[in-house]
Amino acid sequence: MDPLSSVLDGTDPLSLFAAAADPVITTATMDNTRKKRDKDDSSAVGSDFEPWSSKRGEILARYTTTEKLSINLYMGSEKGKATTTGSAVSEKVRTRLEELDDLEEGSQKELLNLTQQDYMNRIEELNQSLKDAWSSDQKVKALKIVIQCSKLLSDTTVIQFYPSKFVLITDILDTFGKLVYERILSMCMDNRVSLSDNFSPESVNDTAKETCLNWFFKIASIRELIPRFYVEAAILKCNKFLSKTGISECLPRLTSMIRGIGDPLVAVYARAYLCRVGTHIILILPTEDFGESVKMGIFTDFLQ
């Protein structure tokens, strides 16, 4: 049974994930390196656990459409490209908020009558634009692109293509989350030695913590619920830099945010993304006590 599409026939779309989140994750299953640990994620939750890397391909192949699609493309703004080195902190914050307002006030272009392949090409362009903006130190522009992509998930006009759209957009969100996390992690290096896998917030320097907080503050300023939810969920792991209990405290709050999404299909996919992100974090942070109420709350809240 497809846990992401079963909503269409009235079945609980997250039933399979509920069983996957239940087993106790022990430190013995985790590896010393991030690469090997990611490879062994499936063994940590059971032999019947299906990793997202294999599931996403099945979804893209199965959920296609011949109907015409539309997309809103981000239109770049020059004022997001540079900040004055000596400007005050308050001025920087004000500038960043104004840049976010620029996106939300209509700096977009709608493309109509796209084929599925055209749509996928446009999404790939946005993905590449995100990477280019990040590599050229245009962090606010990168955030704008992610916000724009997240907004696309509120459109269910071509419902049979929505699962594939979800995969394409969350790929971009995953990329953004990884870029932010690795950026903050790189700021924690001491004499070119990075933090250990199981580092504590006490070992994170003030500069890295300030940068992390700044990202959460910028995301909190996003006006619309859906992009605010998705972007914060994408960088959920970054709470590890701030507090030992930050992630377990944020999960219930993000779960509650989903209640505000009016479209039931959009809401259930938002919950699916939170489950996927949360499951991954539980796998890589086995020493943090998330508690059964936190892990299962994502599912039980859906049934109420």
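The values are calculated or read from the model by the stated rules, or taken from the named source; none is laboratory data. Keep in mind the model is a prediction, meaning the values are calculated, not measured. Note: ideal-geometry Cβ built from the backbone for every residue, glycine included; neighbour counts use all protein chains shown.
Summary of computed values
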{"quantity": "Matching residues in the range 48-70 - criterion: being polar (S, T, N, Q), within 17 Å of Leu153 (Cβ to Cβ) and not in a loop (DSSP other than H, G, I, E, B)", "calculated": "Ser70"}
{"quantity": "Count of residues meeting criterion [modelled with pLDDT of 95 or more, crowded, with 22+ Cβ neighbours inside 10 Å and basic (Lys, Arg)] in the range 218-270", "calculated": "0"}
{"quantity": "Count of the range 159-169 residues which are out of contact with any Asp or Glu (no Cβ under 9 Å at 6 or more places or on another chain) and under 9 Å from Cys149 (Cβ atoms)", "calculated": "1"}
{"quantity": "Residue in the range 184-204 that is assigned to a helix (DSSP H, G or I), over 20 Å from His280 (Cβ atoms), of a type in the set (S, T, N, Q) and free of Cβ contacts under 8 Å to residues at least 12 places away in the same chain present", "calculated": "yes"}
{"quantity": "Restricting the range 41-56 to residues that are closer than 22 Å to Thr175 by Cβ and acidic (Asp, Glu), the residue that is modelled with the lowest pLDDT", "calculated": "Asp41"}
